[in-house]
1. List the number of the failed condition for residue B:46; all other conditions in (1) modelled with pLDDT of 95 or more; (2) more than 7 Å from chain A (Cβ to nearest Cβ) hold.
2. So which residues in the range B:62-87 are surrounded by fewer than 22 Cβ atoms within 10 Å (Cβ to Cβ) and within 7 Å of chain A (Cβ to nearest Cβ)?
3. Among the numbered criteria (1) surrounded by 18 or more Cβ atoms within 10 Å (Cβ to Cβ); (2) more than 7 Å from chain A (Cβ to nearest Cβ); (3) not in a helix (DSSP H, G or I), which single criterion is violated by residue B:21?
4. Residue check: is residue B:53 surrounded by fewer than 16 Cβ atoms within 10 Å (Cβ to Cβ) and not in a helix (DSSP H, G or I)?
5. Restricting to the range A:190-232, count the residues that are without any contact (Cβ under 8 Å) to a residue 40 or more places away in the chain and in contact with a helix residue (DSSP H, G or I) (Cβ under 7 Å, 6 or more places away or on another chain).
6. Having 2 or more residues that are in the same structural domain as residue A:82 (by TED's automatic domain parsing) and over 17 Å from the mean Cα position of the chain (by Cα) is the bar; report the helices (runs of 4 or more DSSP H) wholly within the range A:118-232 that clear it.
7. Which of the residues belonging to the range A:157-167 are within 7 Å of another protein chain (Cβ to nearest Cβ) and crowded, with 22+ Cβ neighbours inside 10 Å?
């Protein structure tokens, strides 16, 4: 029975959809940041695969229908980026400076901490894109010689942890300007941070969305350059 | 289907440019090209707006298959657990207040000088 299920062309799609639906339900019921749907869904799918003794390659080949659309979806990120970009006029130079300083600091600190604690080159390349939105992070990690899977999971953990830590850190630092709160959440905790920022208000949410889009685009351009400079 | 065709065409254009020696993933170049075109047009064409909205709604689902790849990476996670945790959490603890402080400091100083 299990063999019939596993060999069916829709097997991967089926368990991915089940995992995602269960994760969404759980997220809506618990209403906490810790039940990030993609992270929970990933763990459910991994559990199901282990239970049915299916390896990753078999699963991945059966869900190409899903991940093949990641390319066009990444291109589509240009639309929200364009829409949010008009907000940049409100505080042009402060936003550019915060983007460059914040974006660079978080990447360099991540690499420095991991390197000091003995991480190898593959792990470093998977950690480097952790503050970028997942679809771009997956592509960048692969390009830098890291693991797309690790990068995807690190991005999600960063999002959840950032959204949990940010309110306390922002309060301690005395940050009250909605643009600064939103931009920081989007830059450091991308999707999860943007969701949290939207709860604070429309302006905070708009700047979080702007930061998430901008960080994705700017890191995608600069990270390979910085990384190659550092490697040589 | 105009919207999807545009997105796929830009992805192909990005992949072509990447093959010419620009060290960026093809879809990322496609995204930057599309952004440049939108900035020139100063509006988002209706079919593109609709398709990208629908496609991005499914983005979380598309991220699950690549993430499931961690099942073959358990060893890296368990053997480097401390390095990973410190790197991810430590960088956030410093960069969150720093980013926010830079922005708020520059923004309020700019407002005062006006």
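The values are calculated or read from the model by the stated rules, or taken from the named source; none is laboratory data. Bear in mind the structure is a predicted one, so any value in this text is a computation, not a measurement. Cβ placement follows ideal geometry from the backbone for every residue including glycine, while neighbour counts extend to all protein chains displayed.
1. It fails just one condition, (1).
2. Residues satisfying the conditions are B:70, B:71, B:72, B:73, B:76, B:80, B:82, B:83, B:86.
3. (1)
4. Details: surrounded by fewer than 16 Cβ atoms within 10 Å (Cβ to Cβ): yes; not in a helix (DSSP H, G or I): no.
Here the answer is no, as residue B:53 does not meet what is asked.
5. 10
6. A:121-127, A:148-172, A:178-200, A:202-231
7. To start, the set of residues in the range A:157-167 that are within 7 Å of another protein chain (Cβ to nearest Cβ) comprises A:157-158, A:161-162, A:165-166.
Once the filter is applied, which keeps residues that are within 7 Å of another protein chain (Cβ to nearest Cβ) and crowded, with 22+ Cβ neighbours inside 10 Å, the range A:157-167 yields A:158, A:162, A:166.
A quick yes/no check of all residues on (1) farther than 30 Å from residue A:222 by Cβ; (2) assigned to a loop (DSSP other than H, G, I, E, B); (3) touching a strand residue (DSSP E or B) at 6+ places or on another chain (Cβ under 9 Å); (4) in contact (Cβ under 8 Å) with a residue 60 or more places away in the chain:
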site	(1), (2), (3), (4)
A:29	yes, no, no, no
A:32	yes, yes, no, no
A:54	yes, yes, no, no
A:97	no, no, no, no
